[in-house]
Amino acid sequence: MAARETFVAEMAAALNTAGLPAVPSRVFSALLVDDDGRMTAAELGASLGISAAGVSGAVRYLERVGMTRRERVPGSRKDVYVVDDDAWHEAMMRKDVTYGPMVAALQSAIGAVDADDPSLHRLELSREFLLFVDAEMDGLARRWERRKRQLLRQGG
C-alpha cells in the first residue's frame, strides 16, 4: 500500500509540474495504479483524502482532456471512473480538442491583425507549429500501435 501511495504522490507531483492541476493529477495517478483502473468517487475520496466536490471537479477535468472516462455501475446509480490501459495514447490523440481550438484562435487573430503588425510572424509561426505537431501525431500514433503490438507479443 505504501508503494502505491508513494507512486501517487510522485506521479501527481510530476503531472502537476507538467501543468496538470493538482487534484486531477492525484486522481489520475490513483486510477493508474489501481488494480483494475476503476474507482468510484467514494473510493477516490477515501483513498486520496479529498472531498466529493474535489473528486467531482477532478474527474470532470480528466474526462474533458480524455484521460479518464465515466461508466455506470451495472444495476446501480453509481458511476465508476476508469483509466484505460492506454490512457496516454487516447488523451494525446484527441487532436480536435487539443490543437483545433488553438489553431482556430490563431487563425482568427492572424486574420484580424494588420500585415505590418509585429505579432503577425509570431502568430503565424505558432499556428504552423501546431499544424505540424497535429500532422506528426498521426505518424506517431501508427508507430505507437506497432510498438504496442510488439509489447503485447512479448507479454508486456
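Of note:
- Most fluctuating residue given options 108, 29, 56, as computed from a GNM of the chain linking Cα atoms under 10 Å: 108
- Unit charges at the beta carbon, dipole of the chain: most positive-side option, 65, 118, 40: 40
- Cα long-axis angle, helix 22-33 against the chain (0 to 90 degrees, to the nearest 10): 60
- Restriction of the trypsin sites (Lys or Arg not before Pro) in the stretch 34-84 to DSSP coil positions whose beta-carbon has at most 10 other beta-carbons within 10 angstrom yields 77.
- Note on the chain: GNM, Cα springs under 10 Å; of 98, 68, 17, the largest mean-square fluctuation is that of 17.
- To the nearest ten degrees, helix 120-153 and the longest principal axis of the Cα atoms of the chain are 40 degrees apart.
- Using the Cβ-Cβ distance between residue 138 and residue 107 with R0 set to 25 Å, the FRET efficiency from 1/(1 + (r/R0)^6) comes to roughly 0.75.
- Relative to the longest principal axis of the Cα atoms of the chain, the long axis of helix 2-17 lies at roughly 10 degrees.
- Nearest-20 debye value, the chain charge dipole, Cβ charges on Lys, Arg, Asp, Glu: 600
- Highest mobility in the GNM of the chain, judged by mean-square fluctuation with C-alpha springs under 10 Å and restricted to 62, 131, 32, is found for 131.
- Nearest-0.05 FRET efficiency for residue 96 and residue 35, computed from C-beta distance (R0 25 Å): 0.20
- Extension gain from residue 121 to residue 84, taking 0.36 nm per residue of separation minus the Cα-Cα distance: 9.3 nm
- Relative contact order (%) - the chain, alpha-carbon pairs under 8 angstrom, separation at least six: 15
- Were the residues from residue 13 through residue 147 laid out at 0.36 nm apart, the gain over their Cα-Cα distance would be 45.5 nm.
- Neighbours of residue 92, meaning other residues whose beta-carbon lies under 12 angstrom from its beta-carbon, give a summed charge of -3 when Lys and Arg score +1 and Asp and Glu score -1.
- Rg over Rh for the chain works out to 1.08, both radii taken from alpha-carbon positions and Rh defined as the Kirkwood radius.
Throughout, read-outs are computed from the coordinates displayed, never taken from laboratory work. Owing to the predicted nature of the structure, the values given are computational and were not obtained by experimental measurement. Cβ atoms come from the backbone with ideal geometry, glycine included; neighbour counts cover every protein chain shown.
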